[in-house]
Amino acid sequence: MIIKFSVQNFGSIKDKQTLSFEADKSTHLDDTYIIKFGKQRILKLALIYGANASGKTTILQALDFLRDIVLEPESKKTNELDFSPFLFDTISPKQNSIITLEFVQNEIRYFYKVEFCKKAVVSEELNFYNPNKANIYKRKTNLSKQFAEITLGSKISKDKTFEKNLEANTLWNNTVLGGFLKTNIDFKELQEIIDWFRNFLKPLVYTRTELEGFVTSRISESEISKSDVVSILKKADFNISDIVIEEQEEKIPDGFIEFLKKQVKAPNDKIKELEEKGKVTAVNIEFEHTVKNTKYKLPLELESQGTRRYFGFAGLLAMLIKNQITIPIDELEASLHPDLYLHFLLSFLLNSKGSQIIATTHNREILDNKDIFRNDAIWFSDKQENCSTELYSLADFDSSVVRNTTNILNAYKSGKLNGTPNLGDTFIDINL
């Protein structure tokens, strides 16, 4: 699980901003929100609310970027890292960017820090607490020589040959974890972290993400139970009694491989496998609707956007309940009725055990429903005068601003919580 995540000089984020899943002292809704790790109380949910262009999505993109540079290391040292620093001043573009992540894997707490620029990973550090702090490795990059220098912690017993092998496979634009993926060496501590990024932290779900294909493939591979998905759809009042999935192989369409590389960011090994095969498996999905005891089949493409979106969410929900994972979701409310939005979140909170959701949202109901939402699970992104992003929690406000009796929505509308768009008047003078 994620404990804390910080970002600096990344996209719209200039100064260090931190999103924490650490619960405050409030016991409100503890049974549904809290995951216990030793004496720590970790939240299952973080919702980021704010105006358009305030940097909500950038927070999720930074987390997704970190996952990418760990699991999909650059194969050539001439490739630049796919991000932009803060561009609205003359100093930040010349400075390094920093991401830190504190998380739990197999009951052990880890702290990971990576400093980078467009051309290289400049420095890197991985520590663990079991129970005392110990260093696993430190890395510095000699930028003039384009060479990563790695030093293992004193408690990590590996010979110099091992260390040199790891250095040789860690290009200056790779993380050490990414370099480790290119080796054939045994390093239990690094493998634990790789497993966490691969199995626990899932890719960012955008509004444009094709969840239907993802969920369908997981059903076909028995990673998600079709009956679980159907059950979730039934509870959401979609009148769906079954999902019919048929597969057949077809020739790869022109431009499909390039689309996978640039837009989907599919794993390199999967792309290579498709290129060698020369064929792709086409999947036909139909939803069975039972109306007055009569069954009707409707192709996926004829279903509403809301139905298709929630089919994907039903698969995600099944994964969140069955496993322990974290899923970042951009604009959670897209194509969902407000009641269905709340139904999804409640189903997650009440049924999951060790999973987390971090999502952006424009749904104001989260500010007006204390029966469902904790203050420390609600975050605001606010665009500053210099166009940089500030991130803060509703729980950060003291009792002079937010009391137990405060109407949070009204406080937000009145500007007491900031994070509102600064809109001009509605008169538009157009020269005809």
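The values are calculated or read from the model by the stated rules, or taken from the named source; none is laboratory data. Worth saying up front: this structure is predicted, and the values here are computed from it rather than measured. Counting neighbours? That spans all protein chains shown, and the Cβs are built from the backbone with ideal geometry, glycine included. SASA here: full protein model, heavy atoms, side chains in, ligands and nucleic acids out. Shrake-Rupley method; radii C 1.70, N 1.55, O 1.52, S 1.80 Å.
Some points to look at:
- Residues of the range 299-311 that are surrounded by 14 or more Cβ atoms within 10 Å (Cβ to Cβ) and not in a helix (DSSP H, G or I): GLU303 alone.
- Boolean, ILE48 is under 25 Å from GLU390 (Cα atoms), crowded, with 22+ Cβ neighbours inside 10 Å and in contact with a Phe, Trp or Tyr (Cβ under 7 Å, 6 or more places away or on another chain): yes
One line per residue, one yes/no per condition, for (1) of a type in the set (Ser, Thr, Tyr); (2) farther than 30 Å from PHE344 by Cα:
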residue	(1), (2)
TYR206	yes, no
ARG218	no, no
SER227	yes, no
PHE256	no, yes
LYS270	no, yes
GLU273	no, yes
THR281	yes, yes
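- For the range 1-19, filtered to residues that are open to solvent by 20 Å² or more (accessible area, probe 1.4 Å) and assigned to a strand (DSSP E or B), the residue that is farthest from ILE48 (Cα to Cα) is GLN8.
- The set of residues in the range 394-410 that are modelled with pLDDT under 75, within 18 Å of THR361 (Cα to Cα) and either surrounded by 17 or more Cβ atoms within 10 Å (Cβ to Cβ) or of a type in the set (Val, Ile, Thr) (or both) contains only ILE408.
- In the range 155-210, the qualifying residues are those that are touching a residue at least 24 places away in the same chain (Cβ under 8 Å), among the charged types (D, E, K, R) and outside any loop (DSSP other than H, G, I, E, B), and the one that is most open to solvent (accessible area, probe 1.4 Å) is ARG198.
- Look at the range 15-33: where a residue is farther than 15 Å from LYS44 by Cβ and among the basic types (Lys, Arg) and a partner is modelled with pLDDT of 95 or more and assigned to a strand (DSSP E or B), sitting 6+ places away or on another chain with Cβ atoms under 6 Å, you get LYS16/SER6; LYS16/GLN8.
- Listing of helices (runs of 4 or more DSSP H) fully contained in the range 221-298 that carry 2 or more residues being touching a helix residue (DSSP H, G or I) at 6+ places or on another chain (Cβ under 6 Å) and open to solvent by 60 Å² or more (accessible area, probe 1.4 Å): 226-235
- Of all residues in the range 296-309, those that are closer than 12 Å to ASP242 by Cα and aromatic (Phe, Trp, Tyr) have Cβ atoms under 6 Å from Cβ atoms of residues that are modelled with pLDDT of 90 or more and part of a strand (DSSP E or B), 6 or more apart or on another chain, in TYR296/HIS289.
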